[in-house]
Amino acid sequence: MDITEPKINDYLLTIISLDASRGEDSGVVKEMERYARDNDFPIIGPLVGRFLRQLAIVTGAKSIFEMGSGFGYSAYWFAGGLVKGGKIICSDGSEDNKHRALDYLKRAGYESLVEFHVGDARDIIKRFDGPFDIILNDIDKEQYPETLDLAIPRLRKGGMFITDNVLWSGRILEEDPDEASRGILEFNHKLFASEEVLASIIPIRDGLGIAVKL
Ligand SMILES: C[S@@+](CC[C@H](N)C(=O)[O-])C[C@H]1O[C@@H](n2cnc3c(N)ncnc32)[C@H](O)[C@@H]1O
């Protein structure tokens with residue numbers, strides 16, 4: 001199921017290509033998108049990327065934690081919205097993704113803004129007290145229910161907990177949801193039932209969960 005009507009999606013992708021401000025500020029991002037396409041690697045894409053950069057700017061983000069950084073595409077977008085001296089802590093299970101990410105981010109001029117840890121993001125985040133301005137959650141979907149309790153205590157008040165794929169191409173609506181869909185359903189339920197955050201789902205791309213810590 002397409003979350004966004006395909007013609008509207010095409011229009012959105014066309015209109016952002018006009019942007020002359022703080023959008024795609026480097027040819028490196030196009031290279032990253034090509035790599036994702038050629039290797040069938042799931043990334044947040046340019047529409048969500050721009051939105052993440054906006055959120056970094058409006059929150060005046062100085063510290064961001066990413067659970068599931070892949071090869072650095074989402075970090076690329078955050079990096080352009082960080083305040084001077086800010087930092088993004090990336091985490092991913094793959095050493096290869098780390099090397100690829102650091103190469104792209106270096107070439108985009110963002111290397112000094114990023115610290116990349118390899119391992120299980122659920123363990124790595126425990127090494128940090130925060131408080132973070134933003135935490136991005138993009139790990140394996142069956143692990144989503146655990147992430148709320150890991151992230152919220154490490155966010156500042158007014159900080160944002162952002163989760164990708166919360167509509168999972170509509171698969172969350174299937175009669176007999178698979179393990180990944182069940183993980184997302186349980187997560188969404190926990191997120192909206194939490195007294196600690198105010199949550200919403202933005203139906204762009206694959207559904208973006210946005211929760212502000214109260
Ligand atoms: C959808 S991709 C991330 C894409 C990235 N956020 C972006 O948009 O550019 C998910 C990544 O999370 C990693 N991953 C999944 N579960 C993980 C876990 N528990 N700990 C660390 N990394 C994990 C995978 O290796 C994969 O690279």
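One table, with the values for the structure above:
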| item | result |
| --- | --- |
| Where residue 134 falls short, out of the listed (1) under 17 Å from the mean Cα position of the chain (by Cα); (2) more than 17 Å from residue 73 (Cα to Cα); (3) not hydroxyl-bearing (Ser, Thr, Tyr) | (2) |
| Of residues in segment 150-166 being away from the ligand (no atom under 12 Å from the Cβ) and buried (at least 22 other Cβ atoms within 10 Å of the Cβ), the one nearest to residue 184 (Cα to Cα) | 166 |
| Residues being crowded, with 19+ Cβ neighbours inside 10 Å and either in contact with a Ser or Thr (Cβ under 8 Å, 6 or more places away or on another chain) or under 18 Å from residue 143 (Cα atoms) (or both) - total across segment 99-116 | 3 |
| Candidates 96, 40, 92 - the one that is within 12 Å of the ligand (Cβ to nearest atom) and under 16 Å from the mean Cα position of the chain (by Cα) | 92 |
| Where a residue in segment 119-146 is in a helix (DSSP H, G or I) and its partner, wherever it lies, is basic (Lys, Arg), with Cβ under 7 Å and at least six apart | 125/154; 143/122; 145/190; 146/122 |
| Residue 105 vs. criteria of a type in the set (A, V, I, L, M) and more than 12 Å from the chain's Cα centre (by Cα) | yes |
| Residue match in segment 126-133 (condition: touching a strand residue (DSSP E or B) at 6+ places or on another chain (Cβ under 9 Å), surrounded by fewer than 19 Cβ atoms within 10 Å (Cβ to Cβ) and within 22 Å of residue 195 (Cβ to Cβ)) | yes |
| Residues being part of a helix (DSSP H, G or I) and acidic (Asp, Glu) - total across segment 74-100 | 2 |
| Total residues in segment 25-41, condition in contact (Cβ under 8 Å) with a residue 40 or more places away in the chain and of a type outside the set (A, V, I, L, M, F, W, C) | 5 |
| Residues of segment 54-66 that turn out to be under 16 Å from residue 90 (Cβ atoms) and either at pLDDT below 95 or assigned to a helix (DSSP H, G or I) (or both), as a count | 1 |
| Leading residue by the ranking (surrounded by the most Cβ atoms within 10 Å (Cβ to Cβ)) among those in segment 167-181 that are assigned to a helix (DSSP H, G or I) and within 16 Å of the ligand (Cβ to nearest atom) | 168 |
| Qualifying positions in segment 146-196 - among the basic types (Lys, Arg) and under 14 Å from residue 135 (Cβ atoms) | 154, 156, 157 |
| Test for residue 180: is it of a type outside the set (S, T, N, Q), touching a residue at least 12 places away in the same chain (Cβ under 8 Å) and farther than 21 Å from residue 159 by Cα | yes |
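The rows are residues; the columns are (1) surrounded by fewer than 18 Cβ atoms within 10 Å (Cβ to Cβ); (2) among the acidic types (Asp, Glu); (3) more than 17 Å from residue 109 (Cβ to Cβ); (4) out of contact with any strand residue (DSSP E or B) (no Cβ under 7 Å at 6 or more places or on another chain).
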site: 28; (1), (2), (3), (4): no, no, no, yes
site: 33; (1), (2), (3), (4): yes, yes, yes, yes
site: 36; (1), (2), (3), (4): yes, no, yes, yes
site: 55; (1), (2), (3), (4): no, no, yes, no
site: 59; (1), (2), (3), (4): no, no, yes, no
site: 67; (1), (2), (3), (4): no, no, yes, no
site: 73; (1), (2), (3), (4): no, no, no, yes
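The values are calculated or read from the model by the stated rules, or taken from the named source; none is laboratory data. No experiment lies behind these values; they were computed from the predicted model shown. So basically every Cβ, Gly included, is an ideal-geometry build from the backbone, and we count neighbours across all protein chains shown.
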